[in-house]
Amino acid sequence: MNEKVLSRRGLLKKGAAAAAAGAGALVAQGGTAGAQSRAAAPSRRFRGWVSRGAGPGRTTLQDLTLRSIGGRQVVVRTEATNLCYSNVGAVLGIQPNLGAPPNTGQPPAAPPAPPAGVPRLQDMALIQGHGGVGVVEAVGPEVRRVQVGDRVCVSGTPQCGSCYQCLRGRADLCQFLGRQGPGDLVPIADMRDGTPVYANSHIGGLAELMVTFEEWVVPVFTKADAVDLGMVCSCVSVAGLGATTSQVLASIGPGATVAVVGCGPLGLSAVQGARIAGASTIIAIDPIRVRRELAMKVGATHLLDPNVEGEQLVERVRVLTSGPNDRLWAGGRNPGGSRPGGAGADFVVEAAGAATVPPKLEAGPDPTGVLPLRQAYEMTAPGGHIVTTSLTRGTLSLPAVMFTIGGRTHHSGQAGGANPMRDIPRFVELLDKGQYNAKALATMVVPIERMREAYEEVAYRTTVTAIMTG
Ligand SMILES: [Zn+2]
Ligand SMILES: [Zn+2]
C-alpha cells in the first residue's frame, strides 16, 4: 500500500497489523527520531468486562491476554473509570422500552447493516466503557504524546490535532470520532478460548488495562486521588465543565444568570462550571430530590422540581432571572408589554436526555427528554445562549418565530465543546485547587468485581454516578 494514501482506518489498523506481523515490524515502525518503543509483555494477563450477544447476561468478567502493540497504540493500567449512563443499554443488555419517539409513531430504525466482511458490533467480544484514567504501561514506537509512567486521562473525545475539525478549533468534533465502528476496531486481547477482544471506542474502560491510541490520551500531571481524577476526567464531567468554562461554544459572563436542566453528573459539573465562571444566579432543575440537594451543595443558588412546576417551569425561571429592576429606562431585564413575562436565563445548559429504563427514584415529566429540551430553549433569554449536551429520543418542536427571530443562540457539540488537550489539564487543575468537587459526584465507588451491581444503580438513578477502580 502506498503510505501517502493510507486511510485513517488504515492508520488505526497499522499498529495492530504490525503487532500481528511480529516484533520485526514493530521495530521497523520506530524509525522516527526520538521514537519510544516500550511494549507490554505479550503474555500480560488482565481482567475485563466483555460484552457479546444480547440480553441481560451479555457482559461478563473475563480473564484476557494482552496482544502486542505497535504504531500509535498506548497501554494504560486503569486506575478509575466512570460508569456512563449512555452505556447502560450496552452493558446491561437492556433495550429502551419507553415507547417510540412521539412524533413518528414508529419504532427506532435498525442500524444500517455493516459492509460485507465487517462483523456487527454486538457480535464482537467488546470491552465496554468510553473513558478512564490510569498510568501508561507501554507505548508503540510512534507515540509522542505520552511516555511510560505518565498518568493519563483516556478521553471519550479524541483529539488528533490535524483533522479539519481540530484545525478549525472544534476538537470536540475530531474526525477520529467517526473511526470507531466495527470495521475500525482492532483486536487488543484474547479470551481463554482464543476469541479476539476489542475495545469499545478504542478505549474499553471496564478493564484493568485500556489499549487505546495516542489520539485518545491526555497526560495529566497531578497527584490527585484516583477516584477524584476518574470523576473529573469522565466524559460527563468534561462535558459539563466544557459547556460552562471552555468558551469554545459560548461564554458565561461574570454575574450572568444560568439555568442547568438535568442534574446528573454532567449537569452537576455544569453547575460547578457556572460557579467557577462567575455566574450570579444558578438555577438547578431536576426531578430527583437528592440531585437537587447536591446541586445546592456544589454551587446552585435556586432549585426547581420540574414535576412540581409543570408547565410553569419556564415562567418560574424567567421570574427568577428578572433581577430587582423592572424599569424599561433603567436597564430592567423584563421585556414586559406583549413579550412573555420575565427575563430568561443568560445561559442555559441542557443536560436531561432520555431514560433507558424507568428510574427507581423520582421520574421526570418526559422519559424521552424532549420536553425538558424544549423548556430549556424557552427559558433562555432573548440574546442568551443555550448549550445542549443530552442524548434525547424523538423530535423537537419549537415555536417557529421564537426560533427564527427570538434571539436565542443554540450551541451543539461533543463534550460541551471542550478541547481535550487544552481543557482536561485545566479541569484537573480545578480539582487540585479545590474549585471542582469530584467527591460529591462520585456517590458510589466499586472494585472491578462489582461493576455490574454499580451499573444497575446508575441505570435506576439510585446513585448520581459510579466509579469503578482498576
Ligand atoms: Zn459517556
Ligand atoms: Zn482531529
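The values are calculated or read from the model by the stated rules, or taken from the named source; none is laboratory data. Please read all numbers here as calculations on a predicted model, not as lab measurements. We place every Cβ from the backbone using ideal geometry, glycine too, and count neighbours over all the protein chains shown. Just so you know, the surface numbers come from the protein's heavy atoms only, side chains and all, with ligands and any DNA or RNA stripped out. Shrake-Rupley method; radii C 1.70, N 1.55, O 1.52, S 1.80 Å.
When V428 is evaluated against the numbered criteria (1) of a type in the set (A, V, I, L, M); (2) touching a Leu at 6+ places or on another chain (Cβ under 9 Å); (3) open to solvent by 20 Å² or more (accessible area, probe 1.4 Å), which criterion, by number, is the only one it fails?
(3)
Within the bounds of the stretch 381-389, is there any residue that is more than 22 Å from V271 (Cβ to Cβ) and aliphatic (A, V, I, L, M)? If you could, list the steps in order and put the result at the bottom.
Of the stretch 381-389, the ones more than 22 Å from V271 (Cβ to Cβ) are 382-383.
Right, trim to aliphatic (A, V, I, L, M) and you get none.
No: zero hits.
Considering only the stretch 306-358, how many residues are touching a Phe, Trp or Tyr at 6+ places or on another chain (Cβ under 9 Å) and either at positive phi or assigned by TED's automatic domain parsing to the domain that holds S237 (or both)?
Total meeting the criteria: 1.
Kindly provide the set of residues from the stretch 54-88 that are within 30 Å of D225 (Cβ to Cβ) and open to solvent by 20 Å² or more (accessible area, probe 1.4 Å), ordered by number. Show your work before the answer.
Taking the stretch 54-88 as the starting set, the residues that turn out to be within 30 Å of D225 (Cβ to Cβ) are 59-64, 66, 69, 72-88.
If the condition is that a residue be within 30 Å of D225 (Cβ to Cβ) and open to solvent by 20 Å² or more (accessible area, probe 1.4 Å), then T60, L61, Q62, D63, R72, R77, E79, Y85, S86 are the ones that fit.
Please work out which residue is most open to solvent (accessible area, probe 1.4 Å), limiting yourself to the stretch 272-292 and to residues that are hydrophobic (A, V, I, L, M, F, W, C) and either at pLDDT below 95 or in contact with a Leu (Cβ under 9 Å, 6 or more places away or on another chain) (or both).
Kept after step one, since they are hydrophobic (A, V, I, L, M, F, W, C), are these residues of the stretch 272-292: 274, 276-277, 279, 282-285, 288, 290.
Still in the running and either at pLDDT below 95 or in contact with a Leu (Cβ under 9 Å, 6 or more places away or on another chain) (or both): 276, 283-285, 288, 290.
Values: I276: 50, I283: 0, A284: 0, I285: 5, I288: 7, V290: 69 Å².
Checked the stretch 272-292; the qualifying residue most open to solvent (accessible area, probe 1.4 Å) is V290.
Within the stretch 322-338, identify whether any single residue is assigned to a loop (DSSP other than H, G, I, E, B) and under 29 Å from the mean Cα position of the chain (by Cα), and answer yes or no. Spell out the reasoning first.
Let us first name the residues in the stretch 322-338 that are assigned to a loop (DSSP other than H, G, I, E, B), namely 322-327, 331-338.
Within this subset, residues satisfying the condition of being under 29 Å from the mean Cα position of the chain (by Cα) are none.
No, there is no match, as no residue in the stretch 322-338 is assigned to a loop (DSSP other than H, G, I, E, B) and under 29 Å from the mean Cα position of the chain (by Cα).
Can you tell me which residue in the stretch 444-458 is farthest from the chain's Cα centre (by Cα), limited to those that are in contact (Cβ under 8 Å) with a residue 60 or more places away in the chain and open to solvent by 10 Å² or more (accessible area, probe 1.4 Å)?
First, the residues of the stretch 444-458 that are in contact (Cβ under 8 Å) with a residue 60 or more places away in the chain: 445, 448-449, 451-452, 454-456, 458.
The next check asks that each one be open to solvent by 10 Å² or more (accessible area, probe 1.4 Å); those that pass are 445, 449, 452, 456.
Numbers: V445: 18, E449: 23, R452: 20, E456: 19 Å.
By that ranking, first place goes to E449.
Criterion first (at pLDDT 95 or above and within 16 Å of ligand 1 (Cβ to nearest atom)) does L209 satisfy it? Before the answer, list the steps.
Numbers: at pLDDT 95 or above: yes; within 16 Å of ligand 1 (Cβ to nearest atom): no.
Criteria not met by L209.
Suppose we filter the stretch 138-169 for residues that are within 12 Å of ligand 2 (Cβ to nearest atom) and either open to solvent by 50 Å² or more (accessible area, probe 1.4 Å) or farther than 25 Å from V428 by Cα (or both); how many remain?
Count: 5.
Report whether or not A415 is in a helix (DSSP H, G or I) and under 14 Å from M231 (Cβ atoms).
Numbers: in a helix (DSSP H, G or I): yes; under 14 Å from M231 (Cβ atoms): no.
For A415, the condition - in a helix (DSSP H, G or I) and under 14 Å from M231 (Cβ atoms) - is not met.
Residues to consider are R393, R327, R333; find the one that is charged (D, E, K, R) and without any contact (Cβ under 8 Å) to a residue 24 or more places away in the chain.
Working: R393 fails: without any contact (Cβ under 8 Å) to a residue 24 or more places away in the chain; R333 fails: without any contact (Cβ under 8 Å) to a residue 24 or more places away in the chain.
After ruling out the rest, the residue left standing is R327.
Run down M191, M231 and say which single residue is among the aliphatic types (A, V, I, L, M), touching a Leu at 6+ places or on another chain (Cβ under 7 Å) and surrounded by fewer than 24 Cβ atoms within 10 Å (Cβ to Cβ). Give the derivation first.
Details: M231 fails: surrounded by fewer than 24 Cβ atoms within 10 Å (Cβ to Cβ).
Of M191, M231, the one residue that is among the aliphatic types (A, V, I, L, M), touching a Leu at 6+ places or on another chain (Cβ under 7 Å) and surrounded by fewer than 24 Cβ atoms within 10 Å (Cβ to Cβ) is M191.
Working only within the stretch 286-304, note down all residues that are under 17 Å from T463 (Cα atoms) and either in contact (Cβ under 8 Å) with a residue 24 or more places away in the chain or in contact with a Ser or Thr (Cβ under 8 Å, 6 or more places away or on another chain) (or both).
D286, P287, I288, R289, V290, R291, R292, L294, A295, K297, V298
Considering the stretch 170-210 alone, what residues qualify as being out of contact with any Phe, Trp or Tyr (no Cβ under 9 Å at 6 or more places or on another chain), more than 16 Å from ligand 2 (Cβ to nearest atom) and assigned to a loop (DSSP other than H, G, I, E, B)?
G181, G183, R192, D193, G194, T195, G205
May I ask you to list the residues in the stretch 211-235 that are among the aliphatic types (A, V, I, L, M) and either within 16 Å of ligand 2 (Cβ to nearest atom) or at positive phi (or both)? Show your work before the answer.
Start the filter on the stretch 211-235 by keeping residues that are among the aliphatic types (A, V, I, L, M), which leaves 211, 217-218, 220, 224, 226-227, 229, 231-232.
The answer is V217, V218.
Given the conditions (1) within 16 Å of ligand 1 (Cβ to nearest atom); (2) open to solvent by 30 Å² or more (accessible area, probe 1.4 Å); (3) of a type in the set (V, I, T), report the number of the one that V218 does not fulfil.
Among (1) within 16 Å of ligand 1 (Cβ to nearest atom); (2) open to solvent by 30 Å² or more (accessible area, probe 1.4 Å); (3) of a type in the set (V, I, T), V218 violates only (2).
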